[in-house]
Amino acid sequence: WTSASAPPLGRGRGRATALGRAPRRTAAVASALPALRGGGSLLGLAHAVSPAVLATSAAAVAELVISVGIGFAVVQSGLIDQSAIAALAKIVYNVFVPIFLFTSVLRTVTTYGLSAGMLALPLVGMAQIFIGLAVSSLALRIAGITLTSPKSRRLIICSSFGNSGVLPLLLVEALFRAPYPDASVMPRAASYISFYLLGWSPVFWSVGSSILTGGGEEGGSKWSQAARKIISPPIVGALSGLCAALLVPRALLQARPVACVLTCLSSFARAYPATALLVLAGSLAGGAPSRSRSTGLLRAIV
């Protein structure tokens, strides 16, 4: 479960395929580099773009747009109402996201080990968020717009926190699934996304939630509210996967009873992209959220 399905990259033949073994893609990148280094014209760069790569990228984006459109149509037609979307968002947040992060992080560390690049991904996620917070807040101040209004808070959230879970996963699947020559690229890309979320999720559910709700929620003291935001189910899932990978012996993870449990958890993890996409489409179909639905908007962004 931990190593057979995803051989490490960077060894011999696997490294070549991970960098894009398909001749058309390699030639396109090589021919585009001189134009970029020499400040070539946009027309010259356009000629260097491979039609195959462009078609693959367009197909990946088209799949994403169509998937969101289907979910939007399902909600708009009344087959699923907003109460069902809210219940599904709670299931995604409390069940599917933690299990996905647990299995992805566990598989990554046990298969590839911990590298400096992986450890840097959470820090990169946090840095991007705080840069977005600073730029968006500064822009609002320059424009003379108050930072405390609901629309300003939503603008800051959307400028700082991208959808770093379901959308990248869908694009990765569209780009690197079979017949892509190297089968190890897609699971490793999903694992990199999971490590990025290790830094992104704590800031999202603490700082992001405070910004969107105006800094306060009903029920409990400020300390208990902060604890609930930081020690959220996604964070518990990700940290549990990291601890299990570092502390549990490999032989125990590969034992039949434990491997059976991990396989079952992986089945739940595969439900995350589709259900999260439906929640995202439902939030778009439902219009702008009120203050009482702020937590629902946060879950929709995930």
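The values are calculated or read from the model by the stated rules, or taken from the named source; none is laboratory data. Just so it is clear, the model here is predicted, and its values are computed rather than measured. Cβ coordinates were reconstructed from backbone atoms using ideal geometry, including for glycine residues, and neighbour counts include every protein chain displayed. Please note that ligands, DNA and RNA were not included when accessible areas were found on the heavy atoms of the full protein model with its side chains. Shrake-Rupley method; radii C 1.70, N 1.55, O 1.52, S 1.80 Å.
For region 78-128, report the % of Cα-Cα distances exceeding 13 Å. Result: 71 percent of Cα pairs exceed 13 Å.
Simple spin-label estimate for A271 and S149 gives 4.2 nm between the two label positions (7 Å along the Cα-to-Cβ direction from each Cα).
S149: accessible area at probe 1.4 Å, nearest 10 Å²? Accessible surface of S149 is approximately 30 Å².
Solvent-accessible surface of region 81-146, taken per residue with a 1.4 Å probe and all protein chains present: 48 Å².
Element breakdown for region 116-197 at a 1.4 angstrom probe: carbon and sulfur atoms account for 73% of the accessible area. Once the gyration tensor of the Cα atoms in region 109-207 is diagonalised, the equivalent ellipsoid follows with semi-axes of 33, 15, 10 Å, ordered largest first.
The simple spin-label model puts a point 7 Å past each Cα toward its Cβ; for A251 and L79 those points are separated by 5.1 nm. R107 exposes around 50 Å² of accessible area when a 1.4 Å probe is run over every protein chain in place. A simple rule links phi to the HN-Hα coupling: the Karplus curve 6.51 cos²θ - 1.76 cosθ + 1.60 with θ = phi - 60°, which for region 115-131 gives 10, 4, x, 5, 5, 7, 4, x, 5, 5, x, 5, 4, 4, 5, 5, 5 Hz, with x for Gly and Pro.
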